[in-house]
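**Q** Sharing a structure with you now.
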Amino acid sequence: MPKDETYQNPLVERYASREMAELFSARRRIRTWRQIWLALAEAEAELGLPITRKQLAELRRTIDDIDFKAAAAHEKRLRHDVMAHLHTWGDVAPNARGILHLGATSMDVVDNADLIIMRDALGLIRDWLVAVIDHLARFARQWRDLPCLGYTHYQPAQLTTVGRRACLWAYDFVRDLEEIEYRLENLQFRGIRGATGTQASFMALFNNDSRKVDRLERLVADKLGFALCEPVTGQTYTRKIDAQIAAALANIAAGAHKFANDIRLLAGMKEIEEPFESTQVGSSAMAYKRNPMRCERITGLARYVISTCSSLYQTAAEQWLERTLDDSSNKRITIPEMFLGTDAILKITANVASGLVVYPKVIESRVMAELPFMATEDILMLATAGGGKNGTASGRRGAAGKKKAATGDRQELHEIIRQHSQAAAREVKMHGRPNDLIERLAADPAFAGLDLKSALDPKRYVGRAPEQVDRFLANVVDPILRRLGKRAKKDISLHV
């Protein structure tokens, strides 16, 4: 059937990297099965089983000769995919047919292959994370000291800097990197264990010689690049491993979602935008629009990855005794798609982070619209310390119309500022006029003699933000880049 007449997975067709898509391809999966069968045969030969060099040579020569049509025909007859591919390999390596899969159960092959593929996939995710952290660090360094409005509850709060906000984004990805590295370092080989994990079949092969069975498992693990084996398994490794890996991927998705949403909010305020190409169309109807489609794509994919994670936990919970088969159909979908989705998310995130567009004048105008309110605490301290002109707050009238006198009294000065602030806020909110709080305070005798204009320097209100950027980059990010920078993905172009 033509490709355009059947469903194609958008994760592969539109979003994920070619490397990740190839990693979860049928060819990679079956070739990995064959690597395990070959490693097992080699180890059994080394330990004295009657397996010849000629048989091993035939397996090595035909390892890439995979006839998927023949395998499909075998599976239709046998209703067992592992046996189908055993027959398919035996068809092209007839001299070795009899020594394939000696002592093994399907999960000696399938489970270990899944671990190998997930190990390689985690490596790709690690490299994408390094790329994202690198791009965000460059952005943070460039804008380390540009004051901008900080928000709590999505309401203007104290100032921060554009660079420091980028450090918050980067730190989420740093924590994700730490978790992915932990999963990589602690991912163990399932082992060569047989039908229920007891290694009974291998004990029979080696005349109950436990040391040879241990040696067999160690040899196979070494050949496939694992330092350790799971200490105990049923027929399968515990599906909690899949759930833990899924949780790490979902965590990445959550952090990327937060980053993308922040950019979407900032784009709506015209402070920061994602890259927008010269011929890009923002809307089919509204030609002027610059929709944040890349960040919207990140959030959409992130929701999918986060929601899929729960399926892996349910699979772990559903396993019966030494093994049941209801995990297989689920894992075939959830594991590849969680990795493909996370890969796509990070690829798009790296693309966005590498090309963020900052509009300093818009940021400045928004800062200056709110800064008079934020400066009132400093003004209050100045007035309290200096007492204003002659240390009085004369000229203010109370409810009875009588003049009130104040000698730099904090509480009375606070009330004066509060009243002016409320009046200025009404002008802004009710009439759309500029914030005139500073002019109101300057006209009040309570603040005569104070240099109110100096109180409107935004850099006075960013605290240690620039210094914190420098320290975060030097102490957290730079060591990562020195160690892993060469692994960072370079091709961050998007398919669509």
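**Q** Can you give me the ranges of the helices (runs of 4 or more DSSP H) entirely in segment 128-236 with at least 3 residues that are surrounded by fewer than 18 Cβ atoms within 10 Å (Cβ to Cβ) and among the hydrophobic types (A, V, I, L, M, F, W, C)?
**A** It comes to 200-205.
**Q** On the basis of being touching a Gly at 6+ places or on another chain (Cβ under 8 Å), at pLDDT 85 or above and closer than 25 Å to GLY150 by Cβ, does PRO466 make the cut?
**A** Considered against the rule, which asks whether it is touching a Gly at 6+ places or on another chain (Cβ under 8 Å), at pLDDT 85 or above and closer than 25 Å to GLY150 by Cβ, PRO466 comes out as yes.
**Q** Are any residues in segment 83-98 in contact with a Ser or Thr (Cβ under 9 Å, 6 or more places away or on another chain) and surrounded by fewer than 21 Cβ atoms within 10 Å (Cβ to Cβ), and if so, which ones?
**A** Within segment 83-98, MET83, VAL92, ASN95 qualify.
To keep it simple, each residue is scored yes or no on (1) within 34 Å of the chain's Cα centre (by Cα); (2) hydrophobic (A, V, I, L, M, F, W, C); (3) in the same structural domain as TYR237 (by TED's automatic domain parsing); (4) closer than 27 Å to MET338 by Cα.
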site: ASP65; (1), (2), (3), (4): no, no, no, no
site: LYS76; (1), (2), (3), (4): no, no, no, no
site: HIS80; (1), (2), (3), (4): no, no, no, yes
site: MET83; (1), (2), (3), (4): no, yes, no, no
site: VAL92; (1), (2), (3), (4): no, yes, no, no
site: ILE116; (1), (2), (3), (4): yes, yes, yes, yes
site: ARG119; (1), (2), (3), (4): yes, no, yes, yes
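**Q** Without any contact (Cβ under 8 Å) to a residue 40 or more places away in the chain and farther than 23 Å from ALA350 by Cα - does that describe any residue in segment 136-143?
**A** no
**Q** Among the listed residues ALA267, ALA256, identify the single one that is surrounded by 17 or more Cβ atoms within 10 Å (Cβ to Cβ), in contact (Cβ under 8 Å) with a residue 12 or more places away in the chain, over 16 Å from the mean Cα position of the chain (by Cα) and part of a helix (DSSP H, G or I).
**A** ALA267
**Q** Can you tell me which residue among LEU382, LEU413 is at pLDDT 85 or above and either small (Gly, Ala, Ser) or more than 30 Å from VAL132 (Cα to Cα) (or both)?
**A** LEU413
**Q** Name the residue that is farthest from MET381 (Cα to Cα), counting only residues in segment 435-475 that are surrounded by fewer than 16 Cβ atoms within 10 Å (Cβ to Cβ) and among the aliphatic types (A, V, I, L, M).
**A** Going through the qualifying residues, I end up with ALA474.
**Q** Residues that are in contact with a Ser or Thr (Cβ under 6 Å, 6 or more places away or on another chain), closer than 20 Å to PHE139 by Cβ and at pLDDT 80 or above: does segment 455-463 have at least one?
**A** Yes.
**Q** Now for a different question. Search segment 343-361 for residues that are touching a residue at least 40 places away in the same chain (Cβ under 8 Å) and pair each with any residue that is of a type in the set (Lys, Arg) and part of a helix (DSSP H, G or I) when their beta-carbon atoms are under 6 Å apart and the residues are at least 6 apart or on different chains.
**A** Between residues of segment 343-361 that are touching a residue at least 40 places away in the same chain (Cβ under 8 Å) and residues that are of a type in the set (Lys, Arg) and part of a helix (DSSP H, G or I), the close pairs are ILE348/ARG294; ILE348/ARG297; VAL352/ARG294.
**Q** Moving on to the next point. Among the residues of segment 455-496, count how many are in contact with an Asp or Glu (Cβ under 9 Å, 6 or more places away or on another chain) and in a helix (DSSP H, G or I).
**A** Residues meeting the conditions: 14.
**Q** Could I ask something else about it? When you scan segment 112-125, do you find a residue that is outside any helix (DSSP H, G or I) and either in contact with a Leu (Cβ under 9 Å, 6 or more places away or on another chain) or modelled with pLDDT of 95 or more (or both), even just one?
**A** No: segment 112-125 contains no residue that is outside any helix (DSSP H, G or I) and either in contact with a Leu (Cβ under 9 Å, 6 or more places away or on another chain) or modelled with pLDDT of 95 or more (or both).
**Q** With respect to ASN291, is the statement that it is of a type outside the set (D, E, K, R) and either at pLDDT 95 or above or outside the structural domain of ILE333 (by TED's automatic domain parsing) (or both) true?
**A** no
**Q** Can you go through ARG79, ARG53 and tell me which one is exposed (fewer than 13 other Cβ atoms within 10 Å of the Cβ) and at pLDDT 95 or above?
**A** After applying the criteria, what remains is ARG53.
The values are calculated or read from the model by the stated rules, or taken from the named source; none is laboratory data. All values derive from a computational prediction rather than experimental measurement. Here the Cβ is made from the backbone with ideal geometry for all residues, glycine too, and neighbour counts use every protein chain on show.
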